[in-house]
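Peer 1: Provided herewith is a single structure, encoded as structure tokens, for subsequent inquiry.
The values are calculated or read from the model by the stated rules, or taken from the named source; none is laboratory data. Keep in mind that this is a model prediction, so the values were computed, not measured. A quick note on method: Cβ atoms are made from the backbone with ideal geometry, for glycine too, and the neighbour counts reach across all protein chains shown.
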């Protein structure tokens, strides 16, 4: 509505001829436009001033008889009353608009949330919800967490910590759908009946503390740490319903049943972590090859002996001990399958190569996955650079790779960080960054003739040829076909997510950089 149309409606309002339909149009225009509200106020003030002014003007017909003062007073009172009524009508319209603006319905807030440092997430709200507020979730709100962790605090008193990758929706008050994620819940007595609906199971709380694992890659799991829950297999129906008490856990089977298993509290966290979950090999202490860290699987990850391979030796490193590989069937092999698919990840370590000594083939410093699957492996290594006798960092993810340009073949310690969001840009290149000593290394993308133009990462961990996380070796299934790294590594970290340049600098400093 333009200002001319607005003025016509206001004129009709002030002379008492505005219909109900036109009044609704006027209110809508005033709701939508601050400029319209300002003009409305100006018109109202102008109208009142003109009415009062014209009432006091003398008559042009001098020959008329003098009007008695009583009649003048009655006329003025009627005039003032009419002005007051019209002004009141205008004020009522404006007041209705203001009240509607104040009382625009907000979706009821069901939960607030906090995120750990480094967390990346997206929140969308149901389309029929008006004015969703930041930092709050409502019925129909969906949260997708690509990395990190989020703590949810429900109005009912329920508290939850959800670890990425995760996809959850607040269906209604007291009902949460968990399509993916590792989530811990604490439900107070006042909120008994709280429900979590995963891909394969429905959990109804009976006053408890429990954890849920949901993913399309593995079977859903429910772990009870305190109190009781009722669990039902969604495809098996009510006949599968079981009540679990503290210390019990089940997993959903392909036979649409619930199978008992051991509880594992270590897979869940009840406290928002300080930063991205990580694994750390310091190569120090009584068990130098054992991992530490905050990643939920850390207690189950073991580094063991493998027939046909020997362990590297311990030598003084950047911080405490480092490990040195001789390039001849030395490697460390774990039982952890590594991050799968396109999941964001960061690998960082200190590295020192023997000056002037080349590497044996396409070795591996750290890697995991399926080398036979398109995009199926994830490996960091060093290889020949474009300059004579130079060695550069290479990242390889199966038929595709990216080579850096900074020469690391100088006999000095270098801090290396490789990080990726797992996404592919418009040019078809994997969103990846390599840093050497805190400096982002320019790299070039390469691929085999059969690899195609899109450099997609699809790390595999459950195929027959998939290899678990290992250090110092390439990933071929047969040991005799592998190439082995020659050099030292120290303070190796694997973070569950992508990091920024600022975070790279902080990681380098915390891991032992002297300058």
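Peer 1: If I filter the range 491-510 for residues that are modelled with pLDDT of 85 or more and more than 30 Å from the chain's Cα centre (by Cα), do I get at least one hit?
Peer 2: Looking through the range 491-510, none of the residues is modelled with pLDDT of 85 or more and more than 30 Å from the chain's Cα centre (by Cα).
Peer 1: Kindly establish whether residue 406 is buried (at least 20 other Cβ atoms within 10 Å of the Cβ), assigned to a loop (DSSP other than H, G, I, E, B) and either within 23 Å of the chain's Cα centre (by Cα) or without any contact (Cβ under 8 Å) to a residue 60 or more places away in the chain (or both).
Peer 2: So residue 406 passes the test.
Peer 1: Filter the range 347-360 down to the residues that are outside any strand (DSSP E or B) and either touching a strand residue (DSSP E or B) at 6+ places or on another chain (Cβ under 8 Å) or under 11 Å from residue 473 (Cβ atoms) (or both) and list them by number.
Peer 2: 353, 354, 357, 358, 359, 360
Peer 1: Same structure, new question: If a residue counts only when it is touching a strand residue (DSSP E or B) at 6+ places or on another chain (Cβ under 6 Å) and surrounded by fewer than 19 Cβ atoms within 10 Å (Cβ to Cβ), which strands (runs of 3 or more DSSP E) contained entirely in the range 418-493 have at least 2 such residues?
Peer 2: Answer list for the range 418-493: 444-447.
Peer 1: A further question follows. When residue 415 is evaluated against the numbered criteria (1) over 20 Å from residue 448 (Cβ atoms); (2) at pLDDT below 90, which criterion, by number, is the only one it fails?
Peer 2: Of everything listed in (1) over 20 Å from residue 448 (Cβ atoms); (2) at pLDDT below 90, residue 415 misses just condition (2).
Peer 1: Might you let me know whether the range 204-217 holds any residue that is at pLDDT 95 or above, surrounded by fewer than 23 Cβ atoms within 10 Å (Cβ to Cβ), in contact with a strand residue (DSSP E or B) (Cβ under 7 Å, 6 or more places away or on another chain) and closer than 23 Å to residue 137 by Cβ?
Peer 2: Yes, the range 204-217 contains at least one residue that is at pLDDT 95 or above, surrounded by fewer than 23 Cβ atoms within 10 Å (Cβ to Cβ), in contact with a strand residue (DSSP E or B) (Cβ under 7 Å, 6 or more places away or on another chain) and closer than 23 Å to residue 137 by Cβ.
Peer 1: Of all residues being assigned to a loop (DSSP other than H, G, I, E, B) and without any contact (Cβ under 8 Å) to a residue 24 or more places away in the chain in the range 235-253, which is surrounded by the most Cβ atoms within 10 Å (Cβ to Cβ)? Just the residue, please.
Peer 2: 236
Peer 1: If you don't mind, there's one more thing I want to ask. Looking at (1) assigned to a loop (DSSP other than H, G, I, E, B); (2) touching a residue at least 40 places away in the same chain (Cβ under 8 Å), which is the only condition residue 183 fails?
Peer 2: Condition not satisfied by residue 183: (1).
Rundown of residues vs (1) in a loop (DSSP other than H, G, I, E, B); (2) assigned by TED's automatic domain parsing to the domain that holds residue 148; (3) over 27 Å from residue 476 (Cα atoms); (4) modelled with pLDDT of 95 or more, yes/no style:
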{"residue": "288", "(1), (2), (3), (4)": "yes, no, no, yes"}
{"residue": "314", "(1), (2), (3), (4)": "no, no, no, yes"}
{"residue": "325", "(1), (2), (3), (4)": "no, no, no, yes"}
{"residue": "328", "(1), (2), (3), (4)": "yes, no, no, no"}
{"residue": "343", "(1), (2), (3), (4)": "yes, no, no, no"}
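Peer 1: Within the range 259-279, can one find any residue that is in a strand (DSSP E or B) and in contact (Cβ under 8 Å) with a residue 60 or more places away in the chain?
Peer 2: There is at least one residue in the range 259-279 that is in a strand (DSSP E or B) and in contact (Cβ under 8 Å) with a residue 60 or more places away in the chain.
Peer 1: Name the single residue, out of those in the range 134-155 being outside any strand (DSSP E or B) and in contact (Cβ under 8 Å) with a residue 40 or more places away in the chain, that is farthest from residue 214 (Cα to Cα).
Peer 2: 155
Peer 1: Could I ask something else about it? Does residue 398 satisfy being touching a residue at least 60 places away in the same chain (Cβ under 8 Å), buried (at least 18 other Cβ atoms within 10 Å of the Cβ) and in a loop (DSSP other than H, G, I, E, B)?
Peer 2: Numbers: touching a residue at least 60 places away in the same chain (Cβ under 8 Å): yes; buried (at least 18 other Cβ atoms within 10 Å of the Cβ): yes; in a loop (DSSP other than H, G, I, E, B): yes.
Yes; evaluated as a whole, the condition is true for this residue.
Peer 1: Continuing with the same structure: Which ones in the range 455-474 are under 19 Å from residue 303 (Cα atoms) and over 31 Å from the mean Cα position of the chain (by Cα)?
Peer 2: Matches in the range 455-474: 472, 473, 474.
Peer 1: Suppose we keep only residues that are on the phi < 0 side of the Ramachandran plot and in contact with a helix residue (DSSP H, G or I) (Cβ under 6 Å, 6 or more places away or on another chain) within the range 292-310. Which one would you say is modelled with the highest pLDDT?
Peer 2: 299
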